[in-house]
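Chemist: Can you read through this structure? Questions will come right after.
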Amino acid sequence: MPLTTAASPAHAARAATPMAFVQAIVQAYRMHGRDPSQALAQAQIPPALLQTAANRITAAQMETVSGAAMRELDDETLGWFARPLPWGSYGMLARASLSAPTLGTALKRWCRHHRLLTPDITLTLVTTGEVASVTLTEHRPPGGDGSLREFCFVSVLRNVVGLACWFVDSRIPLLGASFPFEAPPHAEAYPLMFDGPTTFGADETGIRFDARYLALPLKRDEAAMNQMLQRALPIQVRPYRRDRLLVQRVRQALASQPLDSHNADDLAQRLNTSARTLHRQLKEEGATLQALKDEVRRQRAVELLQRTSRPIKQVAEAAGFQNQKSFIRAFKGWTGMTPGEWRGRG
């Protein structure tokens, strides 16, 4: 269960993974009294490269050195915890959650079963309103090697995100991530590992995302699990083009601020994506931004016409129209009637 920083194929050959994480792996070898030379050689990482913290390696190199170290040391956590977790431990956790009906149930099982592997940390899934969070609580003093602590926290949370995305075959954009340590020298790598804002020096360690993803059904079966476990490490960086909740998230963003113009660039920024990606993913879902705008404005207008006695001009403004004339024209196109005629029906 290693850490890599690439988030898409475009990043695959980009040297973006902080050298601090390779240094943490070397520290794990020292803790086991072993020599990391073979693992470094497999990943084509010259030992001299480790001497400069500003150096970076690619996601593929990190996958190679992590996988080699985990197998050679027979410890998937690479020295993070008081006792090693043998190779296959995290695969066992994933398999135990596969029969869950929804992502929420799967993540609850995963967090609960994680406690059986180690008492050093506790993972908890919490839902507060529209936001879900997976929090990490440590149960031993934070002393010792700070690089190992950071490597542990970042890797565990990245694994949660990667597995959740794999379970439902969907991108799950994060609303944010938080860590108890101060911003490291390589903080610029964090946006590649966690979308959404990252907070350092926080009181809580965890990730946050839209709670509606928890209701999504799992899309994987035993055959898919067996195939994934043959090469499980890349699930943390596999690009999930489809966002199964994108249409709902766009509707919510449009409805929450009906008076804004909602151009694609501004809306994409709110949703932690790009305008190009927004249009492409909506097309994959059989929708367009303009159609969703019309749908939200129509729902808002109908609600106001039904539940209030506001003048038509005020209804038009509240529904996001610049003037009454354009509202009447649009409403007639939707219903075949003017707003006044529609209201007068009953």
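Chemist: From the list Leu49, Leu107, Leu117, which one is of a type in the set (A, V, I, L, M), over 21 Å from Arg149 (Cβ atoms), within 26 Å of the chain's Cα centre (by Cα) and modelled with pLDDT of 90 or more?
Modeler: On the way: Leu49 fails: within 26 Å of the chain's Cα centre (by Cα); Leu117 fails: over 21 Å from Arg149 (Cβ atoms).
So the residue among Leu49, Leu107, Leu117 that is of a type in the set (A, V, I, L, M), over 21 Å from Arg149 (Cβ atoms), within 26 Å of the chain's Cα centre (by Cα) and modelled with pLDDT of 90 or more is Leu107.
Chemist: Evaluate segment 19-29: report whether one residue or more is buried (at least 17 other Cβ atoms within 10 Å of the Cβ), over 28 Å from Arg140 (Cα atoms) and at pLDDT below 95.
Modeler: No: segment 19-29 contains no residue that is buried (at least 17 other Cβ atoms within 10 Å of the Cβ), over 28 Å from Arg140 (Cα atoms) and at pLDDT below 95.
Chemist: Next question, about the same structure. Just to verify a result, which residue in segment 270-284, among those that are surrounded by fewer than 19 Cβ atoms within 10 Å (Cβ to Cβ) and more than 16 Å from Asp210 (Cβ to Cβ), is farthest from the chain's Cα centre (by Cα)?
Modeler: The selected residue is Lys283.
Chemist: Report yes if some residue within segment 88-101 is in contact (Cβ under 8 Å) with a residue 24 or more places away in the chain and touching an Asp or Glu at 6+ places or on another chain (Cβ under 6 Å); otherwise report no.
Modeler: yes
Chemist: What number goes with the only condition from (1) out of contact with any strand residue (DSSP E or B) (no Cβ under 9 Å at 6 or more places or on another chain); (2) loosely packed, with under 14 Cβ neighbours inside 10 Å that Ala183 does not pass?
Modeler: Ala183 satisfies every listed condition except (1).
Chemist: Now, a different point. For residues that are under 15 Å from Thr135 (Cβ atoms) and either of a type in the set (Asp, Glu) or at pLDDT 95 or above (or both), tally how many sit in segment 181-197. Break it down into steps so the answer makes sense when it comes.
Modeler: Let us first name the residues in segment 181-197 that are under 15 Å from Thr135 (Cβ atoms), namely 194.
Applying the additional criterion that residues be either of a type in the set (Asp, Glu) or at pLDDT 95 or above (or both) yields none.
Result for segment 181-197: 0.
Chemist: Now, a different point. When you go through Arg298, Arg329 one by one, which is the residue that is under 30 Å from Arg171 (Cα atoms), in a helix (DSSP H, G or I) and of a type in the set (Lys, Arg)?
Modeler: Arg298
Chemist: Taking segment 78-135 on its own, how many of its residues are hydrophobic (A, V, I, L, M, F, W, C) and closer than 26 Å to Arg34 by Cβ?
Modeler: 10
Chemist: Could you count how many residues in segment 179-234 are part of a loop (DSSP other than H, G, I, E, B), small (Gly, Ala, Ser) and without any contact (Cβ under 8 Å) to a residue 60 or more places away in the chain? Spell out how you get there, then give the answer.
Modeler: Restricting attention to segment 179-234, the residues satisfying the condition of being part of a loop (DSSP other than H, G, I, E, B) are 179-186, 194-197, 200-204, 216, 218-221, 231-232.
Restricting the remaining residues to those that are small (Gly, Ala, Ser) gives 183, 196, 201-202, 232.
Imposing the further condition that a residue be without any contact (Cβ under 8 Å) to a residue 60 or more places away in the chain reduces the set to 183, 201-202.
The number of residues fulfilling the criteria is 3.
The values are calculated or read from the model by the stated rules, or taken from the named source; none is laboratory data. As the structure is a prediction and not an experimental result, all values here were calculated from the model. When we count neighbours, we look across all protein chains shown, and the Cβ atoms used for this are built from the backbone with ideal geometry, even at glycine.
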